[in-house]
Amino acid sequence: MNNSGTFAKLRPLSLLRQLSNCSDSTCLQALSNSVSWSIYLEQGKITYATHSVEPFDRLERHLRRLSHQIPLLTSEIRVQVRLMFESDSHSQLIEDESNSRSHPPEYQAISWLVSQQHLHSTQAAVLIQELVKEVIESFLLIKEGNYELTEPLSKMPKICRLDVDKILERCQLRLQNWQAFVPQISSPYQRPYLLINSKLEEKDLPNLQPDLTNWMKGFSLCHLAAILNQDEIQLARSLYPYILKGGIILHEPDPPFDKLPKIFQERSLFSKLITELVDSKEKLNNTVNFYPEISEENIAPVQPLPQISDPPKESFQEPTISNNINPASQRVTAATVTAQKVQKIVSVDDSPTILKEISYFLENENFSVVTINDPLKAVLSIIRHKPDLILLDLNMLGIDGYELCRIIRNNSIFKHTPIIFVTGSKGIIDKVKAKLVGASGYLTKPFTRTELLKIVFMHLA
């Protein structure tokens with residue numbers, strides 16, 4: 001088989017099937033519509049797969065689901081992992097760079113979770129299986145692109161080996177299920193908005209989960225599913241009748257998710273993909289099961305992971321999505337559906353414009369917002385209001401955000417209160433310093449309503 005080519009001559013499915021019959025180890029790298037896929041194979045088995053669109057966002061969604069079964073996988077651990085391993089142009093906190101520089105950073109994160117006993121190797125194998133399925137599902141939808149086979153990373157620690165045929169069977173089932181919603185739903189990254197109009201009466205709203213209606217504010221189907229601990233297809237199935245009635249509209253995926261291939265809208269193309277798949281000897285259960293028990297025929301165990309050096313334990317924000325929100329007159333707010341506890345948020349910033357924007361974004365979302373424009377008086381005001389979350393500008397006159405954060409953290413009342421830095425540039429954040437003073441994450445200016453809502457929700461959920 002050639003070491004490179006185009007998908008016009010060799011379809012993704014055919015290529016994967018050929019590689020599964022090879023005894024060599026390789027990395028299949030593909031490029032289509034500016035998105036790159038990397039699929040690592042060892043002796044015909046998949047050891048990992050990733051693509052370039054927000055890999056840590058993908059990891060966080062699956063870790064969030066897994067955390068419902070694993071008490072040790074706390075939100076603090078999840079945000080810590082992202083800060084440690086999500087690389088940027090300013091810093092890299094992994095100590096053993098010679099051993100890990102070329103590895104997918106989210107795979108490094110999983111390996112570290114195992115080495116630090118936050119995940120058992122069996123749980124990590126199931127996590128990798130779910131990540132691989134999501135990546136392969138999008139990979140199979142490539143219609144045009146280039147690929148090449150490269151040498152595998154010899155030092156990459158192996159957690160599991162996945163049977164290619166089993167992965168393809170599961171992807172086949174999911175693609176068949178998604179096809180039932182075409183053309184109304186063409187991507188799991190489309191963003192649903194709930195409308196009240198003549199086609200959807202308010203009396204019909206109780207049929208939808210209150211939590212779902214509360215957070216249908218620009219999150220994609222994938223992200224809503226992670227928030228609600230549902231499968232994306234289950235969620236799409238519950239929303240589909242409202243989409244058909246016009247009560248829910250779908251906006252296109254936000255960048256960079258709009259670069260991923262869409263579900264085939266031409267049934268002939270989809271049928272061709274399905275017929276290329278070998279018929280499964282056993283029918284897969286149509287019931288979705290998050291992180292099912294590992295089958296020996298599906299996941300082969302490997303040797304225990306080598307110890308990975310422990311970087312400083314730091315904090316990071318949950319993943320964010322940028323998008324524009326529908327006008328307030330077209331949205332159903334939390335108060336429309338269900339009464340919830342009003343949570344208090346304090347915003348400290350010496351810019352009246354930023355404070356006004358934050359108040360506008362949050363006060364219509366069942367939050368009580370207290371704004372403070374004098375950082376020197378912030379501590380006493382924060383103690384008086386006892387907020388559930390604090391938004392803190394990093395660069396203010398008189399006192400910087402690092403020092404103010406340290407002072408707030410020294411008060412036992414706010415030991416576990418989320419403190420989010422608001423900054424004009426991600427790159428200027430000193431991650432080590434942020435960790436030392438107890439920051440929980442950061443929000444980059446300028447931000448949209450959904451970016452603000454998302455980080456607030458992720459830290460208050």
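Can you work out ³J(HN,Hα) from phi for every residue in segment 239-254, in order, using Karplus 6.51 cos²θ - 1.76 cosθ + 1.60 and θ = phi - 60°, giving whole Hz and x for Gly and Pro?
Here the 3J(HN,Hα) series is 8, 4, x, 6, 5, 5, 6, x, x, 10, 10, 10, 8, 5, x, 6 Hz.
Using only the Cα atoms of segment 6-61, build the gyration tensor, take square roots of its eigenvalues as a ≥ b ≥ c, and label the shape rounded, prolate or oblate: rounded if a/c is under 1.5, else prolate if a/b is larger than b/c, else oblate. Please list the in-between numbers first.
Details: a/c = 2.75, a/b = 1.32, b/c = 2.09.
It is oblate, given that a/c is not under 1.5 and a/b is not larger than b/c.
Compute the length gained on full extension between Ser412 and Asn373: take 0.36 nm times their separation in residues and subtract their Cα-Cα distance, giving the result in nm to one decimal.
Additional length available on full extension: 11.6 nm.
Where nothing but the Cβ of Lys and Arg (+1) and of Asp and Glu (-1) is charged, how large is the charge dipole of segment 341-460 around its Cα centre, in debye to the nearest 20?
On the way: 16 positive and 12 negative charges, 88 e Å.
Taking the Cα centre of segment 341-460 as origin, the dipole is about 420 debye.
Tell me the trypsin sites (Lys or Arg not before Pro) within segment 1-63 that lie in a loop according to DSSP and have at most 12 other beta-carbon atoms within 10 Å.
Lys9
Given the Cα atoms of segment 341-460, and with Rh set as the inverse mean 1/r over their pairs in the Kirkwood sense, what is Rg to Rh to two decimals?
My calculation of the ratio gives 0.91.
Of the cross-linked pairs Lys133/Lys158; Lys245/Lys454; Lys344/Lys415; Lys217/Lys262; Lys217/Lys259; Lys45/Lys143, which ones have a Cα-Cα span greater than 20 Å in the structure shown?
In this structure, Lys245/Lys454; Lys217/Lys262; Lys217/Lys259; Lys45/Lys143 lie more than 20 Å apart at Cα.
Taken together, the values in this text are just the output of simple stated rules run on the coordinates, not laboratory data. No experiment lies behind these values; they were computed from the predicted model shown. Here the Cβ is made from the backbone with ideal geometry for all residues, glycine too, and neighbour counts use every protein chain on show.
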